[in-house]
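Peer 1: One structure, pasted below without further comment.
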Amino acid sequence: MVTQITRGIKISVITSFEGTYFKNHKIHYAFSYEITIENHSKDSVQLTTRHWEIYDSLNNVEFVDGEGVIGKKPVLKPGESHTYSSGCLLSSPYGAMSGFFNMVNFTNSKNFKVIVPTFRLSAPFALN
């Protein structure tokens with residue numbers, strides 16, 4: 001698990017290898033990840049958008065931007081948390097993801113960025 005705290009918002013990530021799939025006559029490596037967002041600040045906040053950079057060991061990079069996470073824009077009061085699961089396909093058995101969540105602080109109406117720590121995606125058979 002990797003964790004990071006930005007402005008009182010703690011992000012924790014756990015990853016899993018799910019298997020291989022053929023898509024468009026090419027093998028893909030499927031990974032899942034579970035992200036927990038914990039509000040350790042004194043203010044209520046809402047996640048509004050996300051940005052991902054997805055890397056594989058073949059030097060492919062994919063950028064993903066979108067509203068919320070898995071169709072939700074969670075509001076977190078102080079002490080609350082939100083956990084969700086998602087996944088991605090890579091062209092190699094090893095890679096990484098990094099990114100950030102844009103959030104709004106309801107106390108001062110300011111937007112701020114919460115860093116998601118870089119997390120590795122690796123198939124067990126690909127590691128020495």
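Peer 1: Take the stretch 65-103 and flag every residue that is without any contact (Cβ under 8 Å) to a residue 24 or more places away in the chain and closer than 24 Å to ALA123 by Cβ.
Peer 2: The answer is ILE70, and nothing else.
Peer 1: Give just the number: which of (1) out of contact with any Pro (no Cβ under 9 Å at 6 or more places or on another chain); (2) surrounded by 13 or more Cβ atoms within 10 Å (Cβ to Cβ); (3) of a type in the set (A, V, I, L, M) does ILE70 not satisfy?
Peer 2: Single failed check for ILE70: (2).
Peer 1: Looking at THR118, is it farther than 22 Å from THR3 by Cβ and among the hydroxyl-bearing types (Ser, Thr, Tyr)?
Peer 2: no
Peer 1: Could you tell me whether THR83 is surrounded by 14 or more Cβ atoms within 10 Å (Cβ to Cβ), closer than 20 Å to PRO117 by Cβ and in contact with a Ser or Thr (Cβ under 9 Å, 6 or more places away or on another chain)?
Peer 2: no
Peer 1: Regarding SER32, is this residue among the hydroxyl-bearing types (Ser, Thr, Tyr), surrounded by 14 or more Cβ atoms within 10 Å (Cβ to Cβ) and outside any strand (DSSP E or B)? Walk me through how you get there before you give the answer.
Peer 2: Numbers: among the hydroxyl-bearing types (Ser, Thr, Tyr): yes; surrounded by 14 or more Cβ atoms within 10 Å (Cβ to Cβ): yes; outside any strand (DSSP E or B): no.
Taking the combined requirement at face value, the residue does not satisfy it.
Peer 1: From the residues in the stretch 90-128 that are aliphatic (A, V, I, L, M) and more than 18 Å from ARG50 (Cα to Cα), which one is surrounded by the fewest Cβ atoms within 10 Å (Cβ to Cβ)?
Peer 2: Out of the qualifying residues, it is LEU127.
Peer 1: Among residues belonging to the stretch 62-120 that are of a type in the set (D, E, K, R) and assigned to a strand (DSSP E or B), point out the one that is farthest from ILE11 (Cα to Cα).
Peer 2: My answer is GLU62.
Every number here is computed from the coordinates shown, using simple stated rules; none is lab data. This structure is a prediction, so every number in the text was calculated from the model and none was measured. When we count neighbours, we look across all protein chains shown, and the Cβ atoms used for this are built from the backbone with ideal geometry, even at glycine.
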